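Enquirer: The structure under discussion is supplied below as structure tokens; questions concerning it will follow.
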Amino acid sequence: MKRLFLLLSCLLCLGGCSNKIEISAFGIVSGLGIDQTETGYRLSAQVINPSSVTGNHQGTLPVYVLEAEGVSIYDAYRQLNTMTAKTLYLPHLSVIIIDEAVAKTGIQEILDFTLRNVKIRPNISLLVANGSSASDVLKVLVPSETIPINQIDAVSSICQTCMSRLVHYNLYDVGGKINTIGDNVVLNSVVIKGASSETGEEMDNLLKSFSPTQLQINGLAAFNADQMVGYLDNQEAEIYNLLLNKKDKVVINKEQDGYLITFEGRGKKVEIKPNIDAKKVAINCEVEGELMEISYPIDLSNPENLIDLENYLEEEVKAQIEALFEKTKDELQSDIFGIGNKVYQKEPKYWREIEGYWNEIYPELTFEVQVKVKIISVGDIQNLVEQ
């Protein structure tokens, strides 16, 4: 009897599920684009074409893009589902692109939609489309990746590691930054480079050794609260990451007497100490690294000459740090370095007194910058040409 009961139980377990969905019925979404419209949002989805990816149909595109509009993001998403016979599958989503209009209006609604949707993983990237619509970014085909949006995700990670120009925040990180007292977030931005967005949609963009239209992760979009206020270029982004004490690489190109000096360094020590009563912020930055290129006619085997080079580089790093802080005060008017948070951490009672006026206080601060550069290597040669 026990054996019969066990056999029946096994048969029941082997029975089919009445609510199962065949994998061929799924439309796997690799990327989403969110653009602002007059009445709400336009949502674009880059959907993987499985027959093309597996090679069953030669000459077909690896992805296709669906678009729909709605008064809210979720409304647009529901409209999107009426445009395909497949069930849109979001767990493989890796990147969300937003246009400048959405970013400037505020990204709180985007975070609300994505973090409430249990089908969307929170460890995905959020980027700003610089100079184009988010929809156009999703439509560009790239030869380096079968799924185009994967290039953005991969390059974001690679550039953040090897060039230190970018940040690597997921949705939780972005939401946390926006809600952190006395701090503001920055996001990576993407641009369409080359001929035009239209040529990027064509199969020829995949078949040429040099694609006429390409995607480039380029600089950072700076925010105040949840609203975008401007951009940092690539060099400013490297200085930003250096000052956050991430020990990321920073490349300094210094022109001296018509000659070029190129130095690659890392932050050894960075201290940012605010004194709000005196309206001053002291910044001490120590950088060490390697001399990568030099056309300056100087004997590198002479220690005194290396000290001179370090002094030249210190002047340049200091100038770039000062220029970036002035930009955050005057142009961006945003405390992206978290100076306010440092005040809050040290003196929470005092912060509560000035918190409501911080946007007025921050632009009035004076930044006193001290930089120390140490060249730890000049490479395998001392001098290319005898001095």
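Enquirer: Just to verify a result, which residue in region 227-258, among those that are of a type outside the set (Gly, Ala, Ser) and farther than 18 Å from Val317 by Cβ, is farthest from the chain's Cα centre (by Cα)?
Expert: The extreme case among them is Asp257.
Enquirer: Out of all the residues in region 276-301, which are in a loop (DSSP other than H, G, I, E, B) and out of contact with any Ser or Thr (no Cβ under 7 Å at 6 or more places or on another chain)?
Expert: Ile276, Asp277, Ala278, Ser295, Tyr296, Pro297, Ile298, Asp299, Leu300, Ser301
Enquirer: Based on this model, can you work out whether Asp330 counts as within 24 Å of Asp233 (Cβ to Cβ), in the same structural domain as Val373 (by TED's automatic domain parsing), acidic (Asp, Glu) and part of a helix (DSSP H, G or I)?
Expert: yes
Enquirer: For the list (1) loosely packed, with under 13 Cβ neighbours inside 10 Å; (2) over 31 Å from the mean Cα position of the chain (by Cα), I need the number of the one condition that Glu347 fails.
Expert: Among (1) loosely packed, with under 13 Cβ neighbours inside 10 Å; (2) over 31 Å from the mean Cα position of the chain (by Cα), Glu347 violates only (1).
Enquirer: Find all pairs meeting these conditions: Cβ atoms under 7 angstrom apart; at least six residues apart or on different chains; first residue within region 294-311 and more than 15 Å from Asp257 (Cβ to Cβ); second residue modelled with pLDDT under 85 and assigned to a loop (DSSP other than H, G, I, E, B).
Expert: From region 294-311, the pairs are Asp299/Asn383; Asp299/Gln387; Leu300/Gln382; Leu300/Asn383; Ser301/Gln382.
Enquirer: Surrounded by fewer than 19 Cβ atoms within 10 Å (Cβ to Cβ), touching a Leu at 6+ places or on another chain (Cβ under 6 Å), in contact (Cβ under 8 Å) with a residue 40 or more places away in the chain and part of a loop (DSSP other than H, G, I, E, B) - does that describe any residue in region 356-377?
Expert: No, there is no match, as no residue in region 356-377 is surrounded by fewer than 19 Cβ atoms within 10 Å (Cβ to Cβ), touching a Leu at 6+ places or on another chain (Cβ under 6 Å), in contact (Cβ under 8 Å) with a residue 40 or more places away in the chain and part of a loop (DSSP other than H, G, I, E, B).
Enquirer: Restricting to region 210-264, name every residue that is in contact (Cβ under 8 Å) with a residue 40 or more places away in the chain, at negative phi and part of a loop (DSSP other than H, G, I, E, B).
Expert: Ser211, Asp226, Leu244, Lys246, Asp248
The values are calculated or read from the model by the stated rules, or taken from the named source; none is laboratory data. Bear in mind the structure is a predicted one, so any value in this text is a computation, not a measurement. A quick note on method: Cβ atoms are made from the backbone with ideal geometry, for glycine too, and the neighbour counts reach across all protein chains shown.
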